[in-house]
Amino acid sequence: MQPVASIAELPFARVSGDRPTSFWSAEESGAMPPFSFARGSDYWYPTRTGRYTQDCARGRAYADELLTYIRDTGSSIILGHVAAAMVAGVVYGPVEIGFWSRINVALVRVSR
């Protein structure tokens, strides 16, 4: 991968003069991958059953889906978008616990 000479060369940036004015967003481009845990431009819109064990399993499945995308594309930036959407959503329950436990396991494996 070649380094870019300026931010204007990045495909997801909009620049006016020498300053970035905005960056790519799923809302603008409609290019967000079709994750089962997302809806429209919301990166985190999980289905919840209200059952702790099932929701933890669902969260792990969502993480597996995201990890597969990251592995296949080589881009992990989407993880930041998902994390920000979780924070904005305020709810931190079994789905999120399962999700982050699976992400943790994947990170530990990679670091060894």
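Show me the ranking of peptides 76-88, 53-65 by mean Cβ neighbours inside 10 Å, starting with the highest.
53-65, 76-88
Are there chymotrypsin sites (Phe, Trp or Tyr not before Pro) in the range 67-112 that DSSP marks as loop and that have at most 16 other Cβ atoms within 10 Å, and which are they? If you can, show how the numbers build up before the last one.
Numbers: sites: Tyr69, Tyr92, Phe99, Trp100; in loops: Tyr92.
Answer by residue number: Tyr92.
Through the Karplus equation 6.51 cos²θ - 1.76 cosθ + 1.60, θ set to phi - 60°, convert the phi angles of the range 62-78 into ³J(HN,Hα) values in whole Hz; use x for Gly and Pro.
After applying 6.51 cos²θ - 1.76 cosθ + 1.60, I find 4, 5, 4, 4, 5, 5, 5, 4, 4, 4, 5, 9, x, 10, 9, 4, 4 Hz.
With a sphere of radius 14 Å drawn around the Cβ of Thr47, what net charge do the other residues whose Cβ falls strictly inside it have (Lys, Arg +1; Asp, Glu -1)?
Charge balance in the 14 Å sphere: +1.
Find the relative contact order for the range 33-111 and round it to a whole percent, using C-alpha pairs within less than 8 Å whose residues are 6+ positions apart.
Working: 66 pairs, mean separation 31.8, N = 79.
RCO, the range 33-111: 40 percent.
Taken together, the values in this text are just the output of simple stated rules run on the coordinates, not laboratory data. The model shown is predicted, which means the values in this text are computed figures rather than measured ones. We place every Cβ from the backbone using ideal geometry, glycine too, and count neighbours over all the protein chains shown.
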